[in-house]
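What follows is a short report on a single structure.
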Amino acid sequence: MGIRANKRKEGTHVAKHTARAAAPQTGKKKKHVPLAVKILVGLLAALLIALCGFTYLYPNIFPGVTVGSIPVGSMSRSAAADTIGDKSKPLYQDAKLSLTIYETTYDIPVRDVLESVDEEQSVENAYAVGRTGNPFVRMWDVIKAALGKNEAQIAAQVDDDGLTKALEEIVSEALTEPVEPSWEIGTDTMTIHAGKPGVQFDTDAVRSLLEEKIRLMDFAPYEVSTELTDAPAIDIDKIAEEVIGDPVNATVSKEDGKTIIPDEIGVQFDVEEARSIIGDGSKESYSIPITTTQAKVTAEDLKTKLFKDTLAQTSTSLDESNTARTNNVRLAAAAINGTILNPGDEFSYNGVVGERTEARGYKPAGAYSGGQVIEEFGGGVCQPSSTLYMAVLRADLEVTERHNHSFTVAYTPLGEDATVDYGTLDFRFKNNTDYPVKILAEQTGGKMIMTIIGTKTSDKTVKTRTEVLETYTPQTIEKKDDTMMVGQTRVDTTPITGYSTRTYKVITENGKTTEVLANSSTYVKRDKVVYVGTKQPASSKTTTSTTTQSAAGQTTTAATDENS
């Protein structure tokens with residue numbers, strides 16, 4: 001037990017020593033706050049209280065606040081409204097809204113889409129600075145404003161009509177379907193531009209965004225979200241079909257006879273080489289080697305030479321006392337007058353003159369039909385066609401359809417007539433010159449006149465020569481008529497001599513003369529038909545016979561009834 005007691009005493013001694021050692025440490029934790037700190041804390045607390053009071057009690061817009069770039073700090077609402085009204089216009093007068101749609105930027109002048117600045121809302125935006133959120137947020141906003149770092153949003157009214165107009169203009173250009181590839185022809189190269197994708201976008205969404213940007217006077221550029229449709233691939237075979245060709249001469253408008261239609265150059269290129277150059281078609285453009293040929297007649301050339309020469313002029317005679325026939329000739333001439341044929345164009349008499357009907361003003365007049373002379377609407381219109389044929393021969397134009405009359409006509413030389421019948425027989429020719437030609441047709445003073453004007457390219461002159469291959473002499477055919485007395489005669493059909501002919505164009509150019517067959521014509525003969533009386537006199541009557549001799553030496557006997 002003594003050992004255990006000792007041990008207890010030792011333990012007690014250690015505990016007391018420890019207690020004594022710990023006592024001084026407790027005294028070191030007790031510190032005194034310096035007076036300066038207490039003062040500083042007091043000042044900060046007072047400042048915070050003052051700032052909080054200022055934040056919640058200040059009646060005006062807080063100092064340092066701006067509306068956009070317009071300073072309105074410390075102002076009352078009414079004063080701020082006046083200031084915004086005075087100083088806001090320069091902010092948008094020359095400003096613009098920029099929209100980028102796909103690869104194109106469109107600028108909208110703000111003055112075209114902004115009706116006015118909303119001064120009241122702008123003031124409310126400024127007044128709201130430092131007046132929303134918890135106290136600390138509010139006070140921080142007030143501090144930022146004082147430091148010049150708190151800007152309120154200026155507000156505006158949208159001009160709906162102006163925005164609609166501006167947006168419609170943009171949409172009409174930017175909202176597109178896919179664009180086919182295009183090309184440009186140069187002197188020795190053709191540039192092929194790849195097609196462009198179609199561009200689609202939500203126009204209503206764009207309008208809403210623009211309205212918001214205008215109301216907030218937010219003029220920062222904006223890129224519109226678009227949906228694209230793939231561009232068509234380059235089809236070199238299609239391009240070749242449209243581009244490759246011979247040169248085309250300049251021509252003139254048939255509507256006014258004055259407007260020059262420009263010439264076109266001839267283009268040739270190697271399609272396979274072009275296909276190789278284009279490859280997968282991933283580039284925006286390609287340069288293709290080409291060979292070009294200039295037109296023989298350019299627009300400038302045609303301007304100085306258009307209709308400057310008379311290629312041919314012919315006229316035929318007609319009896320103006322035959323008013324019906326003259327009327328028909330005049331109507332046909334009026335339809336032809338002024339007709340223009342560009343190089344390669346074909347003239348159709350029936351196509352130009354049209355059907356000869358009573359409704360169109362034509363009258364019945366003599367015409368050949370089935371070997372007889374009959375009255376039909378439009379009788380006489382073969383005279384303008386024949387007169388025109390004469391001019392066409394002398395102008396050396398290419399005749400593509402011509403028919404001679406069944407019998408000869410008095411108004412043209414043999415082989416130079418051209419009969420027509422609507423729906424069956426036509427007179428057609430082509431302008432085989434390098435320049436336009438115009439036909440001038442006029443019936444006047446007992447004449448049917450045709451003039452062809454164009455452009456001479458040489459000293460060429462053309463005359464005609466007709467040779468008669470065979471002559472068909474008409475016979476006299478007598479027929480009996482028992483209604484006429486014996487010895488009396490009546491000519492029923494007058495004779496017309498028939499011919500087989502060849503007509504040539506005699507062409508002289510550069511001192512050299514050649515003959516070209518123009519046509520072969522066959523005119524049938526018409527026999528003379530004479531009716532001879534066979535009626536015998538009554539037996540109770542006494543007749544005397546009188547014999548006369550004609551100037552041609554023929555003897556005619558006429559019976560006369562003594563009692564008549």
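Working only within the stretch 314-340, note down all residues that are among the charged types (D, E, K, R) and touching a helix residue (DSSP H, G or I) at 6+ places or on another chain (Cβ under 7 Å).
Result: 320, single match.
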Residue pairs qualifying under the 8 Å Cβ cut-off, at least six apart or on distinct chains, with the first in the stretch 141-156 being closer than 12 Å to residue 71 by Cβ and modelled with pLDDT of 85 or more and the second being buried (at least 20 other Cβ atoms within 10 Å of the Cβ) and of a type in the set (A, V, I, L, M, F, W, C), are 145/62; 145/65; 145/129; 152/65; 152/67; 152/72; 152/126; 152/129
Scanning the stretch 469-516 residue by residue, the ones that are in contact (Cβ under 8 Å) with a residue 24 or more places away in the chain, over 22 Å from residue 389 (Cα atoms) and not aromatic (Phe, Trp, Tyr) total 28
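Identify, from the list 362, 349, the residue that is more than 27 Å from residue 494 (Cβ to Cβ), hydroxyl-bearing (Ser, Thr, Tyr) and surrounded by 15 or more Cβ atoms within 10 Å (Cβ to Cβ).
None of the other options fit; the residue is 349.
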Taking the stretch 255-276 and keeping residues under 20 Å from residue 191 (Cα atoms) and β-branched (Val, Ile, Thr) leaves 265, 267, 271
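Report, by residue number, each residue of the stretch 262-294 that is among the aliphatic types (A, V, I, L, M) and either in contact with a helix residue (DSSP H, G or I) (Cβ under 8 Å, 6 or more places away or on another chain) or under 14 Å from residue 244 (Cα atoms) (or both).
Going residue by residue through the stretch 262-294, those that are among the aliphatic types (A, V, I, L, M) are 265, 267, 271, 274, 277-278, 288, 290.
Passing the criteria: 265, 267, 271, 274, 278, 288, 290.
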Exactly one of 355, 272 is out of contact with any Leu (no Cβ under 7 Å at 6 or more places or on another chain), farther than 16 Å from residue 441 by Cβ and touching a residue at least 12 places away in the same chain (Cβ under 8 Å), and that one is 355
Filtering the stretch 70-101 down to residues that are outside any strand (DSSP E or B) and touching a Leu at 6+ places or on another chain (Cβ under 7 Å) yields 92
Of those in the stretch 304-330 that are of a type in the set (Val, Ile, Thr) and either crowded, with 20+ Cβ neighbours inside 10 Å or under 35 Å from the mean Cα position of the chain (by Cα) (or both), the residue farthest from residue 375 (Cα to Cα) is 304
Residue hits (the stretch 47-82; more than 13 Å from residue 141 (Cβ to Cβ), surrounded by 18 or more Cβ atoms within 10 Å (Cβ to Cβ) and of a type in the set (Val, Ile, Thr)) are 66, 67, 70, 72
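Report whether or not residue 86 is over 28 Å from residue 49 (Cβ atoms), without any contact (Cβ under 8 Å) to a residue 12 or more places away in the chain and either surrounded by 15 or more Cβ atoms within 10 Å (Cβ to Cβ) or acidic (Asp, Glu) (or both).
So residue 86 fits the description; yes.
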Counting only residues in the stretch 241-253 that are in a loop (DSSP other than H, G, I, E, B) and of a type in the set (A, V, I, L, M, F, W, C), the one nearest to residue 286 (Cα to Cα) is identified as 244
For the stretch 368-383, indicate whether the set of residues that are within 38 Å of the chain's Cα centre (by Cα), of a type outside the set (Gly, Ala, Ser) and farther than 26 Å from residue 258 by Cα is non-empty. no
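The values are calculated or read from the model by the stated rules, or taken from the named source; none is laboratory data. Since the structure is predicted, the reported quantities are computational estimates derived from the model, not experimental observations. In this analysis, Cβ positions are derived from the backbone assuming ideal geometry, glycine residues included, and neighbour counts consider all displayed protein chains.
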